[in-house]
Amino acid sequence: MNFSLYIFGNPSGYNQYPSDANSLLFQGFLQKQQSDSQLTIYRSGQLVYYVHTRKLSSDKPDYYLGICLIFNGIYCSDVKQLFNLFDKIYSDIALNGILLQINKSGKISFAIDKLSSRLPEMERIKLFINNNLEEKFSKIFNSLNSSFKVSNSSKSLTLNDQPLDILEAIREYDCVYISNNEQFSSGLNRIHKMLFELYAENQDIIKRYQKLYGEKKQYKFVIILCITLIGCILGLLLFSKNIQAKDGAIQSLNSEIYKKTKKFLICNLKLVN
């Protein structure tokens, strides 16, 4: 399926790939954003722009990543499925870790300063989108027809509105803003939640490991102390045996000296007599 791909955001100020005059159009759509996730459908003649913008942080209102798919002469008849496609794209980008990165607490941020610095990743993303469009989403695209009116006005809707109302608005207005207020319906939010839970579990494991490691060190100290005490006891036993042996030798020498002294005295007495 033929389409043009634009990726834009503000890793360090507004940045877009490829860079051209569409930057003014995309930044204008951002001014109308009313939720963390928004799809803007814009018609200009036979060109249909599907611009999905997503805030990456609730603490930074202007921190976002945008993806735009431009089709010529065709439109998507199932907006909810299109949201699912963009969710898959964001999840793929985040998990691949080239443009976006996920920290240990599950928060998503830019991994680069300029989108043009990762051209191989841009080509990979386009191939990923094309494969998904052809394999799973090609049936929801139809040709533009005379029911699509030319208008300079716009309309704002939500993903919870009736599909027929959304389709009618797309035919009636050149620009339609569709907000997604379902905070945890998207792939990135599911990943964020899963990683946050894994991070909390990992922190608990680290605490238990540190506790066990501390106990292991205590056990090690006790074992060393026991070995030292056993060594001391063995040393004392050997020393005691050595003392006893020396005592025996001393007693034997004393007995021999006594006998020799007694014999010497007896001999002297005999000489005197």
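Tabulated values for the structure
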read-out	value
Contact order normalised by residue count of the range 4-183, Cα under 8 Å, 6+ apart, percent	26
Extreme residue, positive dipole direction of the range 4-183, given options 77, 16, 166 (C-beta unit charges)	16
Sparse-neighbour loop sites [trypsin sites (Lys or Arg not before Pro); the range 1-86; at most 14 other C-beta within 10 Å; DSSP]	32
Using θ = phi - 60° and Karplus 6.51 cos²θ - 1.76 cosθ + 1.60, couplings along the range 132-147 (whole Hz; Gly, Pro as x)	5, 4, 6, 8, 10, 10, 5, 6, 9, 10, 10, 6, 5, 9, 5, 6
Protection proxy ranking of 100-112, 133-145 - average other beta-carbon atoms within 10 Å, highest first	100-112, 133-145
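None of the figures in this text is laboratory data; all of them are computed from the coordinates on show. Computed from a prediction, not measured in an experiment: that's the story for all the values here. Here the Cβ is made from the backbone with ideal geometry for all residues, glycine too, and neighbour counts use every protein chain on show.
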